[in-house]
Each structure stands twice: as C-alpha cells, then as structure tokens.
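The values are calculated or read from the model by the stated rules, or taken from the named source; none is laboratory data. What you are looking at is a predicted structure, and each value in this text was computed from that prediction instead of being measured. Backbone-built Cβ (ideal geometry, glycine too); neighbour counts: all protein chains shown. These area figures cover heavy atoms from the full protein model, side chains too; ligands, DNA and RNA do not enter into them. Shrake-Rupley method; radii C 1.70, N 1.55, O 1.52, S 1.80 Å.
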2 protein chains.
Amino acid sequence: MTDRLRVAMLAPVAWRVPPLHYGPWERVVSILTEGLVARGVDVTLFATADSITRARLAAVAPRGYAEDSSLDAKVYECLHIAAAFEQAAKGAIDILHNHFDFLPLTFSRLVATPVVTTVHGFSSERIVPVYRAYNSTTHLVAISAADRRADLEYAATIHHGIPLDEFTFRPGSGSYLLFFGRIHPDKGAGEAIEVAQRTGRKLILAGIVQDPEYFRTAVEPFLDGQQIQYVGSVGPTQRDVLLGGAIALLHLIQFEEPFGLSVVEAMATGTPVIAFRRGSMPELIDDGVSGFLIDAGDTDGAVAAVDRISDLDRRAVRAHVERNFTAERMVDDYLRLYQRILGENVAVQLRDAPQHRVSPTAEVRR
Amino acid sequence: MTDRLRVAMLAPVAWRVPPLHYGPWERVVSILTEGLVARGVDVTLFATADSITRARLAAVAPRGYAEDSSLDAKVYECLHIAAAFEQAAKGAIDILHNHFDFLPLTFSRLVATPVVTTVHGFSSERIVPVYRAYNSTTHLVAISAADRRADLEYAATIHHGIPLDEFTFRPGSGSYLLFFGRIHPDKGAGEAIEVAQRTGRKLILAGIVQDPEYFRTAVEPFLDGQQIQYVGSVGPTQRDVLLGGAIALLHLIQFEEPFGLSVVEAMATGTPVIAFRRGSMPELIDDGVSGFLIDAGDTDGAVAAVDRISDLDRRAVRAHVERNFTAERMVDDYLRLYQRILGENVAVQLRDAPQHRVSPTAEVRR
C-alpha cells in the first residue's frame, strides 16, 4: 500500500458520470468520486469513456448503453466490471467500491481486495440470492434504513449527500407545484396532477418517461400547457431553477423508495416536500419542518398539506439539508468505512481534510 | 496436480444436461463430459441441479431458466459461472472448459487455471469484442472451420461428435421427408414445405417453435395432418425413430450455421441430408455420398435432389459419421488439446483409454 488510499470506483455504465440529465446512481458515484479526490484519495473511476472527472478515468464502454442503443448492455457490463477486478487482482488498489448492482459480487471471491457495495436499490426480489451468496465477501452499504433487508448483513447505512453549491437557496414562496422524477406509476405523477387540480395550483412535471403507456394514459390527457405542464428531463442548471421556484415538491410515491435524491435537492433550494410516508421518506424529511409526511394514499392529506405549506420556513428546509445531506458528510462516512475495513494500522494520508463532525444519519455498524 | 486430469466443465444453464429435448449446447457438454469420465478424467460438471451425469455435479441453479420462468437468467448465470471460477481459484482443477458463451471470459484473467472456450456460435456481432478482449487468456475452440473468425486466434477446430449407440442404422429407404430443428426462419421450415409440396412427398416437421410468428405464417397454414405434419419437439427415443425412418433430412438453412447436430444425427441412422451449401454444411456432408449440397436458395435443386436420393447408399451415409463424427473422436480431440495446453511434462493418467486414431476433422493449430 502506498501512502495514499487507492480506491477503484465502479460506476454503472447506463449513463455517463456525471449523467447529463437522468441517472441517479451515476450521479451519486460522481459526487462521491469528486469528494474523495478533493480529500486526496487516489481514485480510479471505472465509467463510460465520455465521463468527466478529476479522478483517473478507466473506461471500456465508449458511451452509456442507455444513451447509445448500438452498445450491447451485457457485453459492456461484463467488460467494464472485469476491468476493475483485474486492476484489483494486480494489487493496485486498496478498496474496490461497487455501485453496479449484483453482477460484480460474483467476481469478489477471486480477488483479495476488499469490495464495498453500495446497494442503490433492489430492482427485484429475484436478485437477492446473489447478495445473500456474497454477503460474506463484500461490505454492503444501505442507502437508507428503510432499504435494509433483515436477511442481509450490512457494514453501514450511508445516506446520499449532494453538493450544496449546485443548489441555490431561494427564499421566495414559489409559484407552482412540482413533480420531479421518472414518469412511472411508482413516482406518483398521476397523484400530483390530482392534487394540483384540487388545489387549483399550477403543476410542472419534469423527468424522463420511463413508462410510455402510463404517460399516455395518466399524464398526457391532463396536459393543457397552462395549469399542468410537462417539460421533459432537465439538466443541472434548469433543475436548480425549477426546484427553487416551486411552492412544494409533490413526492406522492407508490413504492418503498430507497432514497429520493430529488427530495433532498428540492429541500436544498428551500422548497419543502409533500411526500407519502413510504420507504426512506421519514429519514429524508423532517416532518413539519422541511415538508410534510402524509399517510400513503391519502390524497386528501396531500391537498391539505399544500394549503399549510406557507407555515414552513424555507430557511429551515435548507438548514435540514445542510445538517444531514451534504456531499461532505457522505464522503466522511465512506472514508470512515474504508478506514474501518482496512484496519486501524493502515496509515492513510489525506490532504486538505476539512474538519467534519460525525453525522447523525450515518448509522455505521457491522 | 493429482495423477488424474481434473476438468471443470462449465455448461450453460438454460436447459438440463443432457437436455430433455432441445438444448444443443447442453447436449454437446453431456456427450463430452460422459466421454471424459469414461476415459478416467476427473470431471466436475457445473450445470443445473437436475442434470444427470457420471461426473461430479456442482449446481447452483435448481433447473434451467428456459424451463422455469421463475428463475432469473442473469442471476443464475453469474452465480453459476462464479462457482466454477472460485473452484479454479482454489487450485482444485487443471482445466476450466467453458461452454457458456462470452460472460465467463471476463473472469478468466482472475485465475491461473487455463480456460478452454468452445464457441458454440456467435449469437451476434455485438458479442465479438469480448472474445477479442480475452483472446489471449482463453484457448478458443471453433466447432467448424466455417465458424472461425479471421479476427480471432483459435487453439483448435473440433467438430462435435455423437454417441453412435443412440442412433440405429436403418437400411430402409424411408417414407417421408423430415425437417428437424427449431421452427425459425434460419432453419428453413418454409423451404422444406415447398420442396415436399413440389415433390408430392410427405413431410414431418419436428422441433421447438422458437419464432411463433413465423410458425403462424409460414408453417401452420400448410399443416393438413396428412402430407405436412408437425409433431413438436421430440426426445431421444422418438428422435432415433423419426430420423431413421426418413427418405432424407431437408436442411435448407438460411444462415451460416456453425454446426448442425441434426445433420450428423440423421446421417448416423443412414438418412442422407439435402442441405443448402452454407456455414458448416460442406464440412459435415460428403456431397454425393452422405447427402447433397445445394446452392443456397436453389429450391429447384433441392427438389431435384429428392428425386436422386435413392442413388445414395444408406450404409455409406452411416459410415461417414462413423469415420468423422463419433463422440470418441470428439473426446480424443479435446483430450489432446487439454494435454497440449498443460504441456508435455504433465503426466495425465487415464484409464480405459481406447485405441483411437487422429481424426481428419480435428484441425488443431494455435
């Protein structure tokens, strides 16, 4: 081991890192990678060739397979994953940090390098057998307490954090309700439209159409170019403006969401969130301070919450993110996990390490 | 290394080994595995748990994912492949023989064990980058000269062989034309129907329906229960009877077929084959002796060939298979390849090794 901690960051290759618009897993990888580089960690980012990073970029896939249909996802997945493990097999890295779902786990017993796996969500119960089979050879990280499974052992729960400088605090009370996420039944676009109609407020919907049939039947018929508008998927600059100008983010989810980046991002601009109390929402939203938690399915409750939204202090909404969901806090948590895995006797030299406190959201346990 | 050669045979897990009906890759794995065991090789067969073998069975998938839709193919593929490589990493095997397409190649640099890969066919040009990337760390075997790519280095070309005792020689001239294969445009079921109609012969079609739309439009309208009959997919016993009772097998393929097990199987019963001259067909059929090679697309030529089929001696048809396509010859060829890879200085103890000659079809080169 050299004097600098060497981390191989294994990103998904569906989208570029950082993603141009959609791509939450790639976005978190980017935030963590740049944060670690800023702390002096020697990071090799395994990602698409068009990714942008201050780390050393190692690429097999020229572009994301979700952005270029000529690329075979399965082919580029395995070439990409193997490249990171081959680097580990050479003894060239200290920690391999997997953000690429379950396939990399099956390579983990073939190298001596410790493998950290952030579980960005279980796409299906059917993939769980792989996590169970490799639980002993990888350090699993849950992204929320809600997403922890009782049948798996975790090394830590680490909430995502975001770079606050990308989100401008806006004290104004906003002029529209906002839906921000994939257009898919899970995310509750239809419920957001109902709440907008019942409160007589304007609604802007932003996000990729993941379920075209749902868009056609549950969203499109209500678009009038006035009260209910769909603006497509938006990039970082537009996102900051769109989030900050909202009265509230409507996050009326229909599933146990493991984390909600848009929830934290909205709050970072001062915009409170009205969410159904499912999945990680109670961990992300300080009820009555940074938004309102509504019983799942209670649309009446969501309508009433819109009417009470001005009770909330947008400064307190922002402060909630500053306390709990910064990139710095996430980087701290992962660094502590890496160091715990490598042992107390490993001297890891970091430069520019800022003073940072132990975060209340980082429930670290074995 | 012990005194016995230890081979890990990595089968696909789409179907059981041996397959109950369809499953050509699994079938070849079974033939090779049982043949090696008979020679005293210590074989661990990595396959579905319901597989049947005299080798040591190592299973992760309970059943084939093509036979049980509750199984996630990607999950069981990676668990299964990793199990074989983990065995290799322990130093417990001398050769890992991969029959599982490209994904295992990406594990090959993480173990010291030599990896032999039989390429059962390139499903798409898009998978070739994996073969190119790992060409230097696996010994590729082509299943025909026709299937060799100029941009890849091969360790050998080894034609498949079949167990002759499963195929009864039938001297009678047969009473129907036979189509035997997947119902898919590639395999020429429609062309077989045309030839049957134009020659006024009865036609039996057997095989799984791989392309339901093609079956509905190109096959089903012609089924009359008399002249043109479809009997579905057949198992080993029925297959022997069906192949042996045919006037000829019509193999009017519409693609560069890398090998044709049914072609060899038909010839083993004495039934000659009328095939379009594509892919491996010139390597499998002795034109004018064990069948007729017809210019691709020349249905008139195929019709004329049916009329001259009685010119062929069914005994000579069978003899062609006895000379070139027995399981013993295939096992010999693979054993020689394993020994070449392990080096002359490796003493491999084999029992019951029969006398066998060098096959003209085993063009072994580096």
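For the A and B pair, go ahead and give the buried accessible area with a 1.4 Å probe, both sides summed, in Å² to 100.
Numbers: alone 14780 and 14790 Å², together 27290 Å².
Buried area between the two chains comes out at roughly 2300 Å².
In whole percent, how big is the carbon plus sulfur part of the accessible area of region A:12-68, probe 1.4 Å, protein atoms only?
Working: 1090 of 1930 Å².
Ligands and nucleic acids excluded, carbon and sulfur reach 56 percent.
Just to check I understand the Karplus step: with θ = phi - 60° and J = 6.51 cos²θ - 1.76 cosθ + 1.60, what whole-Hz values come out for region A:11-16, glycine and proline as x?
Residue by residue, region A:11-16 yields 7, x, 10, 6, 10, 4 Hz.
Taking amide H atoms as placed 1.01 Å from N in the peptide plane, list the residues 5 or more away in sequence, or in a different chain, whose amide H sits under 5 Å from that of A:Thr117.
Answer set, sorted by chain and number: A:Asn98, A:His139, A:Leu140, A:Val141.
Where the centroid of each part is defined by its Cα atoms, how far is region A:1-53 from region A:260-325 in Å?
Region A:1-53 and region A:260-325 have Cα centres spaced 29 Å from each other.
Any chance you could give the angle, 0 to 90 degrees and rounded to 10, that helix A:314-324 forms with the longest Cα principal axis of chain A?
The helix A:314-324 is inclined about 20 degrees to chain A.
Every other copy gets compared here: list the nm distances from the B:Leu20 label point (7 Å along Cα to Cβ) to its counterparts, shortest first, one decimal.
Result, one decimal in nm: 4.8.
When Cβ neighbours within 10 Å are restricted to other protein chains, what is their mean count per residue of peptide B:97-104? Write down the numbers at each step before the final one.
Values: counts 0, 0, 0, 0, 1, 5, 7, 1.
That average works out to 2.
In the protein assembly as shown, what percentage of the DSSP-assigned beta bridges are antiparallel, given to the nearest 5? Before the final figure, lay out the partial values.
Working: 4 of 86 bridges.
Counting only bridges with both partners in the protein assembly as shown, antiparallel ones make up about 5 percent.
Ranking request for peptides A:212-223, B:71-82: highest mean number of other beta-carbon atoms within 10 Å first, then the rest in descending order. Walk me through the numbers before you get to the answer.
Working: A:212-223: 14.3, B:71-82: 21.4.
In descending order of packing, they fall as B:71-82, A:212-223.
Give the average, rounded to an integer, of partner chain Cβ atoms located within 10 angstrom of each Cβ in A:86-94. Please list the in-between numbers first.
Working: counts 5, 0, 1, 3, 1, 0, 0, 0, 0.
Average neighbour count from other chains, rounded to a whole number: 1.
Place +1 on the Cβ of every Lys and Arg and -1 on the Cβ of every Asp and Glu in region A:27-143, take the dipole about the Cα centre, and give the residue among A:Ser123, A:Tyr134, A:Phe100 whose Cα lies farthest towards its positive end.
A:Tyr134
Find how many whole Å separate the alpha carbon centroid of region A:175-218 from the alpha carbon centroid of region B:134-207.
So the two Cα centres are separated by 54 Å.
How many Cβ atoms of partner chains, on average, are near each residue of A:73-79 if near means within 10 Å of its Cβ? Intermediate values should be presented prior to the final figure.
Details: counts 1, 8, 10, 3, 3, 10, 7.
Taking the mean over all residues of the peptide, I get 6.
Cβ neighbours within 10 Å, averaged per peptide: list B:20-28, A:234-242, A:52-60 in order, most packed at the top.
Details: B:20-28: 20.0, A:234-242: 15.4, A:52-60: 17.1.
Descending packing order for the listed peptides: B:20-28, A:52-60, A:234-242.
For chain B, what is the convex hull volume of its Cα atoms per residue in Å³? Spell out each step's value before the answer.
On the way: hull volume 48.6 nm³, N = 366.
Convex hull volume per residue, Cα atoms: 133 Å³.
Pull out a ≥ b ≥ c, the square roots of the eigenvalues of the alpha-carbon gyration tensor of region A:1-117, then state rounded if a/c is under 1.5, prolate if not and a/b is larger than b/c, and oblate in the remaining case. Walk me through the numbers on the way to the answer.
Values: a/c = 1.99, a/b = 1.25, b/c = 1.58.
It comes out oblate by the Cα gyration axes.
Tabulate in residue order the Karplus-calculated ³J(HN,Hα) for region A:152-164, using 6.51 cos²θ - 1.76 cosθ + 1.60 with θ = phi - 60°, rounded to whole Hz; enter x for Gly and Pro.
10, 9, 10, 7, 5, 10, 10, 5, 5, x, 10, x, 4
When each copy gets a label point 7 Å from Cα toward the beta-carbon at B:Glu125, what are the spacings between them in nm, shortest first?
From this label point to the equivalent ones elsewhere in the assembly: 4.3 nm.
Put +1 on the Cβ of every Lys and Arg and -1 on every Asp and Glu Cβ in chain B; which of B:Ala218, B:Thr199, B:Tyr334 then has its Cα farthest towards the positive end of the dipole?
Looking along the dipole axis, the top candidate is B:Tyr334.
Could you tell me what percent of the DSSP beta bridges with both partners in chain B are antiparallel, to the nearest 5?
On the way: 2 of 43 bridges.
The answer is about 5 percent antiparallel.
Using each residue's phi in region A:86-98, evaluate 6.51 cos²θ - 1.76 cosθ + 1.60 at θ = phi - 60° and report the 3J(HN,Hα) Karplus result to the nearest Hz, with x for Gly and Pro.
Listing the rounded values in order: 5, 5, 5, 4, 6, x, 8, 9, 9, 9, 9, 9, 8 Hz.
Can you tell me the orientation of helix B:327-342 relative to chain B, as the angle in degrees between its alpha-carbon axis and the longest Cα principal axis, to the nearest 10?
The angle comes out at about 30 degrees.
Point me to the residue of chain A whose C-beta lies closest to the A-onto-B rotation axis, rounding the distance to whole angstrom.
A:Leu110, 2
Restricting to Cα pairs below 8 Å that are 6+ residues apart, what does the relative contact order work out to for region B:1-156? Please round to a whole percent. Each step should come with its number before you reach the end.
Details: 287 pairs, mean separation 30.9, N = 156.
Relative CO of region B:1-156 lands at 20 percent.
Skip the ligands, DNA and RNA, and give the accessible area per residue of chain A with a 1.4 Å probe, whole Å².
Numbers: 13640 Å² over 366 residues.
Ligands and nucleic acids excluded, the figure is 37 Å² per residue.
Name the long-range amide H neighbours of B:Ala58: under 5 Å, sequence gap of 5 or more, or other chain; modelled H, no Pro or chain starts.
B:Leu45, B:Phe46, B:Ala47
Label position 7 Å from Cα toward Cβ: report the copy-to-copy distances for B:Ala316 in nm, one decimal, ordered from shortest.
9.7
For chain A, what relative contact order do you get, as a whole percent, if you take Cα pairs closer than 8 Å and at least 6 residues apart? Write down the numbers at each step before the final one.
Working: 766 pairs, mean separation 61.5, N = 366.
Across chain A, relative contact order equals 17 percent.
Describe numerically, in nm with one decimal, the distance between label points set 7 Å from Cα along Cα→Cβ at A:Gln227 and at A:Asp165.
About 4.3 nm, to one decimal.
Which value in deg cm²/dmol, rounded to the nearest 500, describes the helix-derived mean residue ellipticity at 222 nm for chain A, given -39,500 (n - 2.57) per DSSP H run of n ≥ 4 and division by the residue count? Walk me through the numbers before you get to the answer.
On the way: 10 runs with 107 residues, N = 366.
Rounded to the nearest 500, the figure is -9000 deg cm²/dmol.
For A:Lys90, which lysines qualify as cross-link partners when the Cα separation must be under 26 Å and same-chain residues fewer than eight apart are set aside?
A:Lys74, B:Lys90
Counting only protein heavy atoms, probe 1.4 Å: which residues of region B:114-133 lose 40 Å² or more of accessible surface in the full assembly compared with their chain by itself?
Listed by number, the residues meeting the 40 Å² cut-off are B:Arg126.
Dipole magnitude of region B:225-308 about its Cα centre, charges +1 at Lys/Arg Cβ and -1 at Asp/Glu Cβ only, in debye to the nearest 20? Provide the component values of the computation, followed by the final result.
On the way: 4 positive and 11 negative charges, 50 e Å.
Its charge dipole is roughly 240 debye.
Where nothing but the Cβ of Lys and Arg (+1) and of Asp and Glu (-1) is charged, how large is the charge dipole of chain A around its Cα centre, in debye to the nearest 20? Write out the running numbers ahead of the final one.
Numbers: 37 positive and 45 negative charges, 156 e Å.
Charge dipole of chain A: 740 debye, to the nearest 20.
Relative to the Cα centre, what is the charge dipole magnitude of region A:3-121, using +1 at the beta carbon of each Lys and Arg, -1 at the beta carbon of each Asp and Glu, and rounding to the nearest 20 debye?
I would put it at about 260 debye.
Just to make sure I understand: if all protein chains stay in place, what is the order of B:Glu191, B:Glu257 by accessible area at 1.4 Å, largest first? If you can, show how the numbers build up before the last one.
Details: B:Glu191 45, B:Glu257 5 Å².
From most accessible down to least: B:Glu191, B:Glu257.
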